[in-house]
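Report on one structure; see the data block that follows.
The values are calculated or read from the model by the stated rules, or taken from the named source; none is laboratory data. Just so it is clear, the model here is predicted, and its values are computed rather than measured.
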Amino acid sequence: MSIFKRIFKMGQAEAHALVDQMEDPIKLTEQGIRDLKLDLEQSLKAFAEVKAIAIRTRRQGTEAAAESKSWEQKAMLLLQKAQNGSMTAEEAERLATEALSRKKEFDQQATNFIQQANQLDGKTNQLDSNIKKLKAEITRYENELKTLKARVKVSEATKNLNKQMAQIDSSSTVSMLERMKEKVEKEEALADAYGEMADANTSLDNEINNALDGANVEVVDELAALKAKLNNNALNE
């Protein structure tokens with residue numbers, strides 16, 4: 001319980017130092033909450049037990065008061081018997097005195113039981129108040145734990161990001177970008193060269209085809225005669 005309270009006293013320098021030294025403050029905090037819930041369970045059990053004793057004690061006080069009234073009625077009946085002659089006055093008074101003595105005993109018992117019941121009621125009220133406070137503390141600590149977990153995640157993510165940013169070398173990054181730029185420019189130039197070569201071949205083919213399409217019949221005949229002459233020369237040799 002004391003460890004748990006120290007964890008949540010964030011406004012004190014000692015608590016800050018303690019949390020900084022912990023390997024896992026979240027797990028320790030969760031254990032503290034579990035301890036509080038165990039305390040709550042025990043408090044609820046004690047509350048129920050004290051409440052039961054208070055109810056039983058008050059019932060015993062009521063029963064004692066009823067017995068006191070019964071003995072008082074018996075004493076009155078005995079005196080009435082003496083008045084109507086069914087019993088001697090001396091005997092009636094003797095028995096009535098005993099009955100009143102018993103009444104007095106039950107009166108004292110009833111008073112004691114009622115006092116005890118009132119004291120127990122006070123204890124149950126105090127326990128009930130403590131239980132409500134403990135429940136409120138558990139709820140508050142659980143909410144603070146949720147916030148703490150969220151803050152830890154954010155701080156860890158920020159720390160990792162800052163660490164990565166700190167490890168970045170600006171000069172090496174610029175150099176890498178320059179090399180990438182040079183490589184891209186070479187690739188673009190090579191692509192343009194292949195494109196121009198393809199265009200050149202296509203232009204030559206088109207030129208020849210256009211020339212052939214425009215030739216007249218005489219040119220075709222001359223080309224055939226030239227081929228025949230070449231063949232004859234080859235044979236004469």
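A few remarks follow.
- Of the numbered criteria (1) modelled with pLDDT under 65; (2) in a helix (DSSP H, G or I), the one A215 fails is (2).
- Among the residues here, T111 qualifies as in the same structural domain as G61 (by TED's automatic domain parsing) and under 18 Å from A54 (Cα atoms).
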